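Note sheet for the following structure.
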Amino acid sequence: MTQVLIVDTHPDSKKQHVMSQGLVQCLENMPEVTTRLHQTLWSNDEASHANLQADVLIYFPPVHPKLGTLDLAQSKDILYAAAQANIGHAIVISSAEIYGPRPHNIGYLPETRPRTYSGKNAIAKQWIALEEIAESAFKKAKLTLLRPAPVLVPNGNTYFSRLLGGGLSVTLPGHDPLLQLLSPKDWVEAICLAIQKSAGGIYNVAPDGAIPLRKALKMARTRRLTAPKFLQGLVRRRPVDQLDFVRYAWTVSNQKIKTEWGFKPQHTSAEALCDFAKQQNGKPTLLPNSIDFDAYGLDKKYVEAYRRTLFPFLRYAYWRIEHTGIENIPSKGRAVLTGVHRGLMPLDAVITFLLVVTERHRYTRFLIHPTLIKFPFQFNFMTKLGGMIACQENADYVLERDEVLGMYPEGIHGAFTYYRDAYKLGKFGRDEYVKIALRNQAPIVPFVTAGTPEIFPIFAKLNWRWWKRFSLWPCFPIAPPFPFLPIPLPSKWHVQFLEPVHIEKQYGPEAADDPAIVKEISQDIQMRMQTALDDMVKRRKHIFWGSIFKETTA
């Protein structure tokens with residue numbers, strides 16, 4: 001019979017912590033398991049560690065109820081004592097907070113992400129230290145590290161329990177990141193599976209789907225007050241590093257635990273929140289009409305608001321946008337929309353996105369650079385318009401769902417092209433857009449725009465290291481009227497969508513691994529785009545007025 005010892009040093013254990021108590025009740029229903037609960041309750045007395053003998057150890061580390069920091073010294077004492085007691089399998093409860101919230105996070109982070117990518121967040125670094133202690137202690141034993149998404153405990157002292165359980169919560173303006181909230185029942189189920197099926201290793205434990213912070217606060221009937229991080233730092237008693245977890249997304253992938261253990265979360269983040277709010281407030285909380293939130297933050301209501309207000313002004317009055325060939329974007333099915341990015345700001349992508357929504361009723365998911373979500377309000381703007389951090393995983397996610405993927409092969413450097421070279425296509429990186437299209441068997445729809453380089457014409461660049469670290473831009477551009485008056489100039493735009501290139505009819509997915517084929521396709525598409533761009537510029541009479549299309553659907 002397997003003996004399981006739960007060492008619970010969590011601060012909520014004094015309130016019969018829902019994790020340990022719920023886990024004991026669950027394990028009692030498993031006849032092959034004998035369970036004991038050993039509560040050290042912040043004690044460093046060696047006598048409290050003397051009875052650690054068991055087959056399986058489940059260790060809940062001590063987290064300071066207000067600061068969110070770990071007592072690493074106590075954790076080291078307990079884990080090394082357990083290792084000396086020859087416990088065969090140690091299950092150490094870590095946290096998804098170990099990944100650290102950063103603008104670079106691609107979303108739904110896998111366990112293979114190196115710990116060094118967690119950034120400078122002090123809370124993340126403490127979870128890293130805990131895992132390193134556990135690995136050092138159990139070199140000769142089986143070690144399972146579980147990284148759960150936030151688990152809400154009624155009347156609990158954890159950061160998210162307090163954030164969503166109080167009457168008023170202070171967050172950051174312009175940031176509405178996605179949260180994953182794990183049901184206590186699903187959490188207990190995952191720990192039981194760890195006892196039964198784990199051969200050791202690291203596993204994320206998370207629900208399917210996520211929920212935007214503002215929606216979560218509204219569902220929890222918690223009022224939201226926003227204040228800048230620096231201002232909160234002056235009066236806040238808790239670490240300001242906690243605020244990073246409501247600043248950027250840090251969702252984690254649950255594919256590994258589902259594949260290897262058969263873990264099937266029974267509750268979404270919204271459902272877990274509703275159960276928590278009901279227990280916390282004693283009042284039932286109604287689920288919204290639609291709880292199927294976009295996995296990466298696209299908000300169609302937000303899109304419609306801009307499509308009815310700002311977009312018509314920019315399209316018909318400010319930039320007087322004309323377009324042709326938009327019917328080349330398929331009305332259904334996957335496609336890779338490949339364009340030329342100019343004009344410093346991502347306004348060309350925004351306009352293209354809204355144009356395709358209006359004319360083709362499709363939501364293009366553009367791959368974006370981390371700098372576009374680093375700052376307040378810009379974060380909300382880009383994520384709610386469907387922007388996703390550029391990476392292979394996100395590209396595959398879009399195309400596997402038969403959506404339209406938007407890419408700029410020149411990358412961020414295309415936006416910082418000197419004005420004298422603005423209508424000359426630069427290097428298409430490593431031709432990743434072709435590989436992505438081949439791998440997912442999707443046609444490529446090239447498009448080019450005349451007029452965007454003139455909104456912020458770049459005449460010089462400064463290699464300012466501080467600015468590059470702060471903004472994540474490759475340089476500081478001298479582009480009148482930026483930076484003195486960062487309002488784009490009212491140049492006239494012409495957008496041309498070229499005929500789709502159906503590479504999926506000529507090659508199979510394996511062609512993505514053939515550099516010669518990839519290069520040939522990329523050069524052909526680049527030539528088509530450059531020819532179309534040259535023709536548009538040649539026929540353009542002025543940068544501020546005049547039409548170059550014989551037939552327009554503006």
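What the table shows:
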read-out: Hey, residue 376 crowded, with 23+ Cβ neighbours inside 10 Å, of a type outside the set (Asp, Glu) and touching a Gly at 6+ places or on another chain (Cβ under 7 Å) or not; value: no
read-out: Looking only at region 503-547, and only at residues there that are exposed (fewer than 15 other Cβ atoms within 10 Å of the Cβ) and of a type in the set (Phe, Trp, Tyr), the one that is modelled with the lowest pLDDT; value: 545
read-out: Strands (runs of 3 or more DSSP E) wholly inside region 426-539 that include at least 3 residues being not aromatic (Phe, Trp, Tyr); value: 444-450, 460-462, 494-497
read-out: Pairs with Cβ under 8 Å, 6+ apart, first in region 144-173 and closer than 15 Å to residue 212 by Cα, second at pLDDT below 90 and of a type in the set (D, E, K, R); value: 172/229
read-out: Strands (runs of 3 or more DSSP E) within region 114-213 that include 1 or more residues basic (Lys, Arg); value: 142-148
read-out: Counted residues, region 409-436 - those being in contact with a helix residue (DSSP H, G or I) (Cβ under 6 Å, 6 or more places away or on another chain) and closer than 18 Å to residue 501 by Cβ; value: 7
read-out: Given (1) in contact with a helix residue (DSSP H, G or I) (Cβ under 8 Å, 6 or more places away or on another chain); (2) at pLDDT 95 or above; (3) closer than 28 Å to residue 362 by Cβ, number of the condition residue 401 does not satisfy; value: (1)
read-out: Among (1) more than 23 Å from residue 105 (Cα to Cα); (2) in a helix (DSSP H, G or I) - the single one residue 238 does not satisfy; value: (2)
read-out: Lone unmet requirement of (1) crowded, with 21+ Cβ neighbours inside 10 Å; (2) out of contact with any strand residue (DSSP E or B) (no Cβ under 6 Å at 6 or more places or on another chain); (3) under 17 Å from residue 180 (Cβ atoms) for residue 252; value: (2)
read-out: Any hit, region 78-88, residues being farther than 30 Å from residue 196 by Cβ and either touching a residue at least 12 places away in the same chain (Cβ under 8 Å) or assigned to a helix (DSSP H, G or I) (or both); value: no
read-out: Filter pass, residue 185 being touching a helix residue (DSSP H, G or I) at 6+ places or on another chain (Cβ under 8 Å) and basic (Lys, Arg); value: yes
read-out: In region 41-58, the residues that are at pLDDT 85 or above and surrounded by fewer than 22 Cβ atoms within 10 Å (Cβ to Cβ); value: 55
read-out: Subset of region 295-312 [part of a loop (DSSP other than H, G, I, E, B) and either in contact (Cβ under 8 Å) with a residue 24 or more places away in the chain or of a type in the set (Phe, Trp, Tyr) (or both)]; value: 295, 296, 297, 298, 299
read-out: Any hit, region 213-221, residues being over 21 Å from the mean Cα position of the chain (by Cα) and surrounded by fewer than 19 Cβ atoms within 10 Å (Cβ to Cβ); value: yes
read-out: Residue list for region 432-452, restricted to those being surrounded by fewer than 20 Cβ atoms within 10 Å (Cβ to Cβ) and on the phi > 0 side of the Ramachandran plot; value: 441
read-out: Residues (β-branched (Val, Ile, Thr), assigned to a helix (DSSP H, G or I) and more than 24 Å from residue 396 (Cα to Cα)) located in region 313-367; value: 358
read-out: Set 474, 488, 481: member being outside the structural domain of residue 120 (by TED's automatic domain parsing), farther than 23 Å from residue 535 by Cβ and surrounded by fewer than 15 Cβ atoms within 10 Å (Cβ to Cβ); value: 481
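Residues checked against (1) assigned by TED's automatic domain parsing to the domain that holds residue 186; (2) buried (at least 17 other Cβ atoms within 10 Å of the Cβ); (3) at pLDDT below 95; (4) within 21 Å of residue 220 (Cα to Cα):
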| residue | (1), (2), (3), (4) |
| --- | --- |
| 234 | no, no, yes, no |
| 239 | no, yes, yes, no |
| 282 | no, no, yes, yes |
| 286 | no, no, yes, yes |
| 303 | no, yes, no, no |
| 315 | no, yes, no, no |
| 324 | no, yes, no, no |
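The values are calculated or read from the model by the stated rules, or taken from the named source; none is laboratory data. Bear in mind that the values here come from a model prediction, so they are computed numbers and not experimental data. We place every Cβ from the backbone using ideal geometry, glycine too, and count neighbours over all the protein chains shown.
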